[in-house]
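The values are calculated or read from the model by the stated rules, or taken from the named source; none is laboratory data. Just so we're clear, the structure is a prediction, and the values are computed from it rather than from any experiment. Here the Cβ is made from the backbone with ideal geometry for all residues, glycine too, and neighbour counts use every protein chain on show.
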Amino acid sequence: MSQIIKGIAASDGIGIAKAYLLIDPDLSFEKKTIDDPAAEYERVEKAFSASIADLATIKQNAKSRLSDEELEVFDAHIAILSDPEMKSQIKDEIESQHVSAEEAMTDVTTNFANVLAAMTDNKYMQERAADVKDVAKRALSHLLGKQLPDIASISEPVVIIAKEITPSDTSQMDAKFVKGLATDLGGRTSHAAIMARTLRIPAVVGAEDVTSTIKSGDMVIVDGLHGDIIVDPSQAQIDEYQAKADSFEKERAEWAKLVDAPSVSKDGQHFEIAANIGTPDDVADAVKQGADGVGLFRSEFLYMSSDHLPTEDEQFEAYKKAVVGMQGKPVVVRTLDIGGDKPLNYLPLPEEMNPFLGYRAIRICLHRPDIFKTQLRALIRASEFGPVEIMFPMIATLAELRQAKAIYQECKDELQKDHPGLGDNVKIGMMIEVPLAALYADQLAKEVDFFSIGTNDLIQYCFAADRGNDAVSYLYQPLNPAFLRLIKHVIDSAHANNTKAAMCGEMAGDQLAMPLLLGMGLDEYSMSASSILRTRSMMKDLDTKECAKWANDAINLCYTADEVEKMVKTRLGLD
């Protein structure tokens, strides 16, 4: 009999396939004395060789999805397995203590990892401890004859079932074979959810007990439209959901016809639907999906994929590539936003009790103007090749904004000594993600060309609820009437000062939030590229005057997020 597990709809679509459990096997072993050290060490050599072959295959399969820099992690793992010093120590322990290959390799690799982890003054080397543990696990699996989950080698249709899925997991996925994802943990704004939307893989996250309920090989349906996971469905259910999947794909094909269409409402009001990107390589997909521009270039990924602070020229080339790739459409770049859950190995940050509320983003940049000016100079130089807009993250006060603008002006003045007029077309904006900034938006709007509302952080700060904590995920409420009132205040404050109001958080691509935002007059909606055409299709069927009434009713007549959701669904005919 089939079973339905409820979760959070994280990526649109319906996937039907057998379950693939992304869970490590039991790699425990019994300690024993061996009689033939030479034969035992030969087992180590074979396990290491097999592991190297695994990594080479994974790297080859990932080449079409990862950049050269991202592929380097596989070379690093192969280098560890080829380290003569480590292999020599394993051999010595087998020969001197007559222990098994499993025990000797575990002892030596654990010691190597511990030595690296103890290098507190060298964050980069400290982080390599995890690499040693990872390759040791792979080699141990070969010694024990147990297979590790290997996403990159999946060659048949599957639905991946996991406790949680990391960005490195999703980077190995081939959407041709991975038909869906279902996880115990996570929310709509988790990295796994965002990546699933980028890869257009249907996903349901935060389902709590999928790994304990579902077994490998079970037939599973993942309904990423409604947040349902159907285990062991009947043939009638499979037929029903296959029809829904076919219907959704036809709908997606209709959306594709809007690639070159303007982003316009039913009553002829023009808006902008832009893409959120992480690297210049993402521009191609943004263009393919008909983006009106890039509304959020997460520049920190340039820093996170490097082993050093990127130079001005390195950054310039990356920004130039994105600007040229957008073919005259604007590119909004968020300045360096590290800290919180985004550390840099080569730039140690202080240990903090509450890093999300600590030394991060613009606070680091204002404290380290040398780092900040390198980035700003590169961005100003890139503006020669197309429209560049710069926005500052995590601004809380007017003083911070003015300090950031002053440093920008210094960079611009320095560059214009040799290049008159360079940067004159650059627009300056800020993110609204700190509640105080949202409340103070009427004054801040006088100082910038545009706002971009970062709802992912603004929601968690307004509700005092960590968006990565499943226990409080019920407080992720973009449709809460009080929160909608705050969003409207920000938009109204922007417009009162002739400032553009944009949004780059996940709320911008939420089909239930979009009519309300349209009614409030939000100018730009920036989202995962995969959501652009659906949003444009929805927008052309909505009247802004009618949506304004919906927004007013949501704020003034509703008391809970559930009431707002029910109202919007009823008026959209989704009930």
- Hits in region 288-328 (condition: modelled with pLDDT of 95 or more, closer than 27 Å to residue 264 by Cα and outside any loop (DSSP other than H, G, I, E, B)): 294, 295, 296, 297, 322, 323, 324, 325
- Message: Given the criteria farther than 30 Å from residue 281 by Cβ, charged (D, E, K, R), modelled with pLDDT under 95 and out of contact with any Lys or Arg (no Cβ under 9 Å at 6 or more places or on another chain), does residue 466 qualify?
- Response: yes
- Scanning region 375-392 for residues that are touching a residue at least 60 places away in the same chain (Cβ under 8 Å) and in a helix (DSSP H, G or I), which turns out nearest to residue 327 (Cα to Cα)? 385
- Note on the structure: In the set 164, 103, 70, the lone residue that is at pLDDT 75 or above, assigned to a helix (DSSP H, G or I), of a type outside the set (Lys, Arg) and closer than 24 Å to residue 24 by Cα is 103
- Task: Keeping to region 31-44, report how many residues are farther than 10 Å from residue 142 by Cα and in contact (Cβ under 8 Å) with a residue 12 or more places away in the chain.
- Result: 8
- Note on the structure: Just one listed residue, out of 130, 193, 182, is closer than 29 Å to residue 8 by Cβ and either at pLDDT 85 or above or of a type in the set (Val, Ile, Thr) (or both), and it is 182
- Message: Suppose we keep only residues that are loosely packed, with under 15 Cβ neighbours inside 10 Å and at pLDDT below 90 within region 209-248. Which one would you say is farthest from the chain's Cα centre (by Cα)?
- Response: 209
- Task: Count, please, the residues in region 502-545 that happen to be touching a Cys at 6+ places or on another chain (Cβ under 6 Å) and closer than 17 Å to residue 492 by Cβ.
- Result: 2
- Among the residues of region 410-454, how many are surrounded by fewer than 24 Cβ atoms within 10 Å (Cβ to Cβ), among the polar types (S, T, N, Q) and within 31 Å of the chain's Cα centre (by Cα)? 1
- Subset of region 509-531 that is farther than 18 Å from residue 565 by Cβ and modelled with pLDDT under 95 - its residue that is nearest to the chain's Cα centre (by Cα): 528
- Message: Pull out all pairs, ordered by first then second residue, where Cβ-Cβ is under 8 Å, the residues are six or more apart or on different chains, the first lies in region 457-468 and is farther than 13 Å from residue 479 by Cα, and the second is β-branched (Val, Ile, Thr) and surrounded by fewer than 18 Cβ atoms within 10 Å (Cβ to Cβ).
- Response: 465/472; 466/472
- Out of 516, 486, 512, 444, report the one residue that is touching a residue at least 40 places away in the same chain (Cβ under 8 Å) and in a loop (DSSP other than H, G, I, E, B). 512
